[in-house]
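Single-structure report; data block below.
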Amino acid sequence: MKKELSIDSGVLQFVPKGAYYEDAEEQKAAVNLCWKDFLSYDRTLFSLSTLLPGSGYSKGAMSHMLLSNPITNKERSLTVDVLPLDFETQIIKYNLKKESFSRALKNLLMLAGGEGFSRVNNSKTRKLILSFIFERTNQELDNLAVNYKSKLRTLVAHALGKQTLFMILSGHGPTFDKWVGCYNSDCYTVIFHLFNRPTVLLKLENKFPKILQYEKLKNSAKDQDLVKFKSNMDKLPMRTVMGFRNTYKLNIDLSDVYDKSKMSSKETLQMESAVKKSGAKKKEIDYTKYDIYELWKVFYFKVLNNEVDDLDRIMSAIDFVSVRNQTIDIGPATVIFDASRSMEGSVERKFQPFLTSLSILSTLKNVQGVVYVGGKYIKVPVESNDDFKVIIPQNNTYLWKGLLEALKNKPKNIIVISDGYENSVKGMFEHVYDHLKSSDFDFNLIHLNPVFSASASMGSARRITKDTKPLPVSDYKYLETELMMNQMLEQPSVVKKQLIQRFQKLIK
Amino acid sequence: MSIFKLLKFDDVDISNLQNVDEMTVVPLLGATRGEVAKPQNLVFSKTSNYGEMVFENQDEDCDAIIPSNLMVRGKDAQDHVMSHIGLLEPQTSRRFPDSCCIEESQGGYLENSEKNEFDILPIELRKCFLTKDFRENRQYDKLWGGILDWLKDLPLKYKGVAHLRYFYDDPVVKTQLETFAAEFEPVEDQIGAVILFSGIPMGIEIMPSPEYWDYYWKLLIRGSYGAELIRLKQLGQIQTFKQSLPRINDHMDLDHMKEQMEDYIVQIQNYVPDVLKKVRIESQLSVSPQIIGESKTLQVEYLKTQDGGGEMITQNQKPIYLSLVL
């Protein structure tokens, strides 16, 4: 165990995409070091911390680290009084279930060498993969086997190994029962489907109708039978239908594919423009079901591309979801919102810091006022308001002006959401802040930095004053995590107790 | 007389300056000045030989401008830089046979690739191109001596040969360059900037439109001026500079405090036009299209100042582009 905890909140926020200041590889190397240090400091705290909100990628990587470094008896004995013996496995399973299925599969694929990770193949990982995939109802398996065929094939092959897989595919019942049938005795068909064995020989009728439909679609595509293909694509995943259409070069209108196939809610939002362009029927979108970040993203995408349809509905959804999201209470506060040009972010993740800032704003309770710094207002043609304007990132960073403006409300807390890059003039914010603090102004300053930095604790996240530590929050969902991690640095045992309580509450 | 007035850029406005440590960027604001191809319609095609860069103008209507000393760095190929500005008529392609190699011992030709990196040459190296003989010389290795001098004594990971990318690829430099890009921000209607190091003007850059500035600002501020400043700091050849901030009077209310700060910014900004008055144009030479490329609408002139110089483009007698290193 290491003596000092020097972790960074980046351990739970990392996604392998470049930010403004560091590319993805530099960040990955820095975060990897943080993970290793954290694990060697306290393995229990390391695994419990993954219960906090964080990115799927980080949790996958941390689980990979736990599974590739089996727990020692000494380490296990430290927690035996308060946590069950298999608490790590329970946490990993819980986290997998909380992710989208696609992300959960990616995290399991890390164990099979995915995303640049080393392969891990021990009894624990084999059980984890097989139980996660097959411990389900036939209906669930039917859908997943069609939607995620190739990923599932990789995982099953990894978990079973060549010899066992060969025996199962050769029809050896006892081997099937031992490894897979123990989770779902009907799923021989699913294994055959995943490995492209002729499933028609098996009984598909009632148990796995989607797989049967998939097989029919594939055969009609191979036979270039457009009539049958069209009738079979009904309600199958859009990606699957599109894949066959393109692979077999079928002369089928995109609008037909969009109209008949099934899209996930995320795809519906992402494909909205393509669907419109193809002439397909517009899919009705219930915006209130979306995440606030997704809503801001689609709102600004439409604004910047002069697409006016649905803007009113998206704005209503933003209001609705914002009210639901307001869970973090730092106390009565005025927010200084940096809308200067650098908040536009990198080309790779355009607008990410700005949209994250807007989303953070929507999670804060008790906000008494917002002061925008920089930015440019552009007119947006919405039905409900002839003169509606929105702000986009542009111009200089006058953080000091924002501070003076914010203080007019005499707030107890001032929250600055900014990347911390001040240029008009550099140091002016701190100069004004120092003067105010030494005068009669009494307020607490909090700096949230929406730009992820893998090495924030090493000082790469910009400070706006010497005595205000920036809290990097690259996703609005991680604000709570950031606050907890900050506390962890000062009182690790207190946070550990809180996390054990969280474990007991979440995982029964 | 102000240099802007002298060169007929007197309709350009000076905006609120941005200052971080030694570097000050004073944004120049204005409307679109001329009709030229959209910057994204200019495509770097390849190097067809060592010292020969090829560009294509994909615009259907307007002539394209290749900014002064544009540099292209690519993987497994000899990096190159333009010796001057370039012009291309709509829907045409052109070779520039007086371009320079900037990577002494690397073979291979550049292709049009998304992985290519673009920058404008650091300002001290740009000064090598201020004489006609050097600019128009067709020896592909003509800048190697200059690069070696420029890299000399820098604490880089790799050194010893005239590879300019040793500087740009150095991990420490790379981080510092990205910081420059984050610290300085283009503002609304910006078409150019005056750049100062420790209060001394180092260059004036004006593009034909805000869209152009938005497209090229990073290559200038990061790759050219930023790179030069980092080099000077690493060599200890620049005076440490921190803009002094005004003492705030006690018991001042918030509105008066804001007024005092705004007055202070105007005051330091007023210094810029004054200091630019000292810049004198010593000569203006028109350039043959054989060198810079054909254009029916654009004319190029080389300018010489006391300590520097650069290029200016006019269209219908109106100046639309200026790049001066001082």
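The values are calculated or read from the model by the stated rules, or taken from the named source; none is laboratory data. Keep in mind it's a predicted model, so treat the numbers as computed, not measured. Reconstructed Cβ throughout: ideal geometry from the backbone, glycine too, with neighbour counts over all protein chains shown. With ligands, DNA and RNA removed, areas are computed over all heavy atoms of the protein, side chains included. Shrake-Rupley method; radii C 1.70, N 1.55, O 1.52, S 1.80 Å.
Across every pair of non-identical alpha carbons in the stretch A:94-252, the mean reciprocal distance, once inverted, gives a Kirkwood radius of 16.5 Å. What does the C-alpha gyration tensor say about the overall shape of chain A? Classify as rounded when a/c is under 1.5, otherwise prolate if a/b is larger than b/c, or oblate. The shape class here is oblate.
If I take R0 = 30 Å and measure r between the Cβ atoms of B:N249 and B:D153 in this structure, what FRET efficiency does the formula 1/(1 + (r/R0)^6) give, to the nearest 0.05? Walk me through the intermediate numbers first.
Details: r = 46 Å, r/R0 = 1.55.
My answer for the efficiency is 0.05.
Rolled with a 1.4 Å probe across the full set of protein chains, the surface gives A:S77 an accessible area near 70 Å².
Once C-alpha pairs closer than 8 Å and six or more residues apart are averaged by separation and normalised to the residue number of the stretch B:73-147, the relative contact order reads 42 percent.
For B:E124, B:E301, A:E422, give the ranking by accessible area with the largest first, probe 1.4 Å.
Values: B:E124 85, B:E301 50, A:E422 20 Å².
Descending accessible area places them as B:E124, B:E301, A:E422.
Taking label points 7 Å from Cα along the Cα-to-Cβ direction, A:K289 and A:S150 give a separation of 2.7 nm. Think of it as helices only: each DSSP H run of n ≥ 4 in chain B is worth -39500 (n - 2.57), and spread over all residues that comes to -7000 deg cm²/dmol at 222 nm. For the stretch A:321-492, with equal point scatterers placed on the C-alpha atoms only and solvent neglected, what are the log10 I(q)/I(0) values from the Debye formula at q = 0.14 1/Å, to two decimals? So the normalised log intensities work out to -0.75.
Rolling a 1.4 Å probe across all protein chains gives A:H447 an accessible area of roughly 0 Å². For the stretch B:50-199, the number of Lys pairs with C-alpha atoms closer than 23 Å, counting only pairs eight or more positions apart or on separate chains, is 16. Restricting the calculation to Cα atoms, the stretch A:183-337 shows an Rg/Rh of 1.13 when the hydrodynamic-style radius is the Kirkwood one.
To the nearest 10, the accessible area of B:L245 is 50 Å² with a 1.4 Å probe. Spin-label model, A:S255/A:S102: points 7 Å from Cα along the beta carbon direction are separated by 2.6 nm. Fraction of C-alpha pairs exceeding 22 angstrom in the stretch A:10-201: 51 percent, rounded to a whole number. In terms of accessible area, using a 1.4 Å probe and ignoring ligands and nucleic acids, B:E114, A:E482 rank largest first as B:E114, A:E482. Of interest is the spacing of the C-alpha centroids, which for the stretch A:249-314 and the stretch B:301-322 amounts to 49 Å.
Let's test the formula: R0 of 51 Å, r as the Cβ-Cβ distance of A:K282 and B:N316. What FRET efficiency results, to the nearest 0.05?
On the way: r = 48 Å, r/R0 = 0.94.
Result of the calculation: an efficiency of 0.60.
List the residues of the stretch B:140-164 whose backbone N lies under 18 Å from a point placed 7 Å from the Cα of B:I200 along the Cα-to-Cβ direction. From the stretch B:140-164, the list is B:150.
Spin-label model, A:R197 to A:N366: label points 7 Å out along the Cα-to-beta-carbon direction sit 6.2 nm apart.
Report relative contact order for chain A in percent, whole number only (criteria: Cα-Cα under 8 Å, sequence separation at least 6).
Working: 729 pairs, mean separation 77.6, N = 508.
Over chain A, the number comes to 15 percent.
At q = 0.07, 0.12, 0.13 Å⁻¹ the log10 of I(q)/I(0) for chain B amounts to -0.28, -0.82, -0.96, computed by Debye summation with a single uniform scatterer per C-alpha, solvent ignored.
Any idea what the relative contact order of chain B is, in percent, if you count C-alpha pairs under 8 Å spaced at least 6 apart? Before the final figure, lay out each step's value.
On the way: 668 pairs, mean separation 67.9, N = 326.
About 21 percent, as a whole number.
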